[in-house]
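To start, the structure itself, in structure tokens.
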Amino acid sequence: MVTLLSLAGAAGSHANEGDPPRTPVTVTESVEYVPLPARTLEHAVALIQGSEPMPDGRPKPEFNTEGALSLGYKLTPLERGGCRLENVAVGITITTRIPRWAPPENARADVRERWAKVDEGMHAHERGHRNNLVTMAEDLRDRLLALAAEPAPDCESHARAILRAQLAAQTRHQTRDQAYDRLTRHGQTQTQLPPAEPATPHTDLRRRGRDRDGDGKPDA
């Protein structure tokens, strides 16, 4: 989800037409971990992918990335007539939320390794969404730079063009992000539970040693 926040300055004093605009792009990021009430590794993955309901009817634990886009600029009337866009500043604040499950202290090493791969897959999926948000901010920055390169007939015309640039950047982002989710099936392809490692010959020998009657069950 993207929030657009426009922080536009009012028309300023007259300026020289040759002054270059300032165009910083700032990315601020944070990650929030949401506890996952799972009994086992398989249960944790089932909750993440929505194949099992959450306890007490709570909604499926989402791993998602949201962005709040901020925009600052100045519209300056020119002595010769017209209006110039300057002091452009684009920023994106990105918040990622990821479910966190802690394997029991006595969990086998392969359980911890398999969960680590699922966790890595969630982070990888959200990095894709994060990169799409940064691309959107850069897209908007480039569009505003193009507007700043030439004066507009008046400041109202520039303001309308800035709004169109915001909407165009957001529309391109939505198209790109939806395609990414279709490709990854909303992260399911990246969070599949890896298969358990097959038993080693040493494990098979120990099992046969306990199963002296050969019925496939450990002897009492």
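The values are calculated or read from the model by the stated rules, or taken from the named source; none is laboratory data. Bear in mind that the values here come from a model prediction, so they are computed numbers and not experimental data. Here the Cβ positions follow ideal geometry from the backbone for every residue, glycine too, while neighbour counts run over all protein chains shown. When the accessible area is computed, the model is the full protein with side chains, heavy atoms only, and any ligands, DNA or RNA have been set aside. Shrake-Rupley method; radii C 1.70, N 1.55, O 1.52, S 1.80 Å.
Name the residues in region 140-157 that are surrounded by 13 or more Cβ atoms within 10 Å (Cβ to Cβ) and not in a helix (DSSP H, G or I), would you? The answer is Pro151, Ala152, Asp154. Cβ-Cβ distances below 7 Å connect the following pairs, each with a first residue in region 168-194 that is in contact (Cβ under 8 Å) with a residue 60 or more places away in the chain and open to solvent by 30 Å² or more (accessible area, probe 1.4 Å), a second residue that is β-branched (Val, Ile, Thr) and not in a helix (DSSP H, G or I), and a separation of six or more residues or different chains: Gln170/Val2. Taken together, the criteria exclude Leu41 from residues that are among the aliphatic types (A, V, I, L, M), modelled with pLDDT of 90 or more and under 30 Å from Ser157 (Cα atoms).
Within region 40-51, the residues that satisfy the criterion of being under 24 Å from Glu105 (Cβ atoms) and open to solvent by 40 Å² or more (accessible area, probe 1.4 Å) are Thr40, Glu42.
Residues of region 70-119 that are assigned to a helix (DSSP H, G or I) and buried (at least 16 other Cβ atoms within 10 Å of the Cβ): Val111, Arg114, Trp115, Val118, Asp119. Scanning region 52-69 for residues that are more than 30 Å from Glu138 (Cα to Cα) and either among the hydroxyl-bearing types (Ser, Thr, Tyr) or open to solvent by 50 Å² or more (accessible area, probe 1.4 Å) (or both) gives Glu52, Pro53, Asp56, Gly57, Arg58, Pro59, Lys60.
One residue is enough: does region 145-153 have a residue meeting the conditions out of contact with any Ser or Thr (no Cβ under 8 Å at 6 or more places or on another chain) and farther than 14 Å from Cys83 by Cβ? For region 145-153, residues out of contact with any Ser or Thr (no Cβ under 8 Å at 6 or more places or on another chain) and farther than 14 Å from Cys83 by Cβ: present. Screening Ala10 with (1) modelled with pLDDT under 75; (2) within 23 Å of Asp139 (Cβ to Cβ); (3) among the aliphatic types (A, V, I, L, M) gives one miss only, at (2). Within region 158-213, if we keep just the residues that are in a helix (DSSP H, G or I) and hydroxyl-bearing (Ser, Thr, Tyr), the residue that is modelled with the lowest pLDDT turns out to be Thr203.
Against the test of being within 30 Å of Thr171 (Cβ to Cβ) and touching a Ser or Thr at 6+ places or on another chain (Cβ under 9 Å), the options Val88, Val111, Val134 yield a single qualifying residue, Val88. Pick from Arg127, Arg164: which is open to solvent by 20 Å² or more (accessible area, probe 1.4 Å) and under 13 Å from the mean Cα position of the chain (by Cα)? Of the residues listed, the single one that is open to solvent by 20 Å² or more (accessible area, probe 1.4 Å) and under 13 Å from the mean Cα position of the chain (by Cα) is Arg127.
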